[in-house]
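Below is one structure, written out as structure tokens, with a few remarks after it.
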Amino acid sequence: MMPMQPAKPDQKIGKQPKLAKSAIIRWLCIILAWACIIIGTIGIVVPGLPTIDFYILAGFFAAKGSQRLHFWIYHNRFIGPILQQWHEHRSIPRKAKYISLISMSIAAGIMIWKVPHPLFVGITIGCMVLVQVWLWTRSEKI
């Protein structure tokens, strides 16, 4: 991973993030940002976990908790391009949408096949459908 570096004035990340005023809230946001990064990264290999959504949340929490962390996430070679596109255009790349759709479909199929609790499966698949609806209603412009 790229080491964290403080934001430099000549390197713009759009509008500077507005940190939370309370130190407790800032620390909570930093912890949540790291949790979202970890969950999003796990979502790359675990079908059904919405990677992009967690990365967007990580960017949001980092902006409230730490300028250094926000700068690192925003300029990370893996996470950064997705966040930059979201921040600048409120859009998600089509490739990311397809990857999300395929992984969630595989996860739903495995759950239907293996999980013996229909209510849990139904609720989980319902959440997946809502995430997909949200994802596919976002623009794709670059």
task: Would you work out which of I123, Q84, A107 lies farthest towards the positive end of the dipole of segment 70-142? Charges go on Cβ: Lys and Arg +1, Asp and Glu -1.
output: Q84
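Under the rule of -39500 (n - 2.57) per DSSP H run of 4 or more residues, summed and divided by the residues of the chain, what mean residue ellipticity at 222 nm is obtained, to the nearest 500 deg cm²/dmol? Walk me through the numbers before you get to the answer.
Numbers: 6 runs with 97 residues, N = 142.
-22500 deg cm²/dmol, from helical runs alone.
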message: Skipping prolines and chain starts, which residues have an amide H placed within reach, meaning under 5 Å, of the one on S91, given they are 5 or more residues away or on another chain?
response: W86
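List every DSSP H helix in the chain whose Cα atoms extend 24 Å or more along the helix's own long axis and whose mean Kyte-Doolittle hydropathy is at least -1.0.
On the way: long enough: 23-45 (34 Å, 2.39); 94-114 (30 Å, 0.68); 118-136 (26 Å, 1.89).
Taking the DSSP H segments of the chain (at least 24 Å long, mean hydropathy at least -1.0), we get 23-45, 94-114, 118-136.
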message: If packing is taken as the average number of other Cβ atoms within 10 Å across a peptide's residues, how do 29-41, 97-109 rank, most packed first?
response: 29-41, 97-109
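Give, to the nearest whole percent, the P(r) tail of the chain beyond 27 angstrom, counting all Cα pairs.
Values: 2809 of 10011 pairs.
Above the 27 Å cut-off, the chain has 28 percent of its Cα pairs.
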Backbone N within segment 82-110 under 18 Å of label point (7 Å from R138 Cα along the Cβ vector): 82-105
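Using the per-residue mean of other Cβ atoms lying within 10 Å as a proxy for protection, in what order, highest first, do the peptides 58-65, 123-130 fall?
On the way: 58-65: 23.2, 123-130: 14.1.
Packing proxy ranking, top to bottom: 58-65, 123-130.
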- request: Report, in debye and to the nearest 20, how large the dipole of the chain comes out about its Cα centre when Lys and Arg carry +1 and Asp and Glu carry -1 on their Cβ.
  value: 400
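Coordinate-derived values only; no laboratory data. The structure displayed is predicted, hence computed values, not measured ones. Every residue, glycine among them, receives a Cβ derived from its backbone with ideal geometry; neighbour counts consider all protein chains shown.
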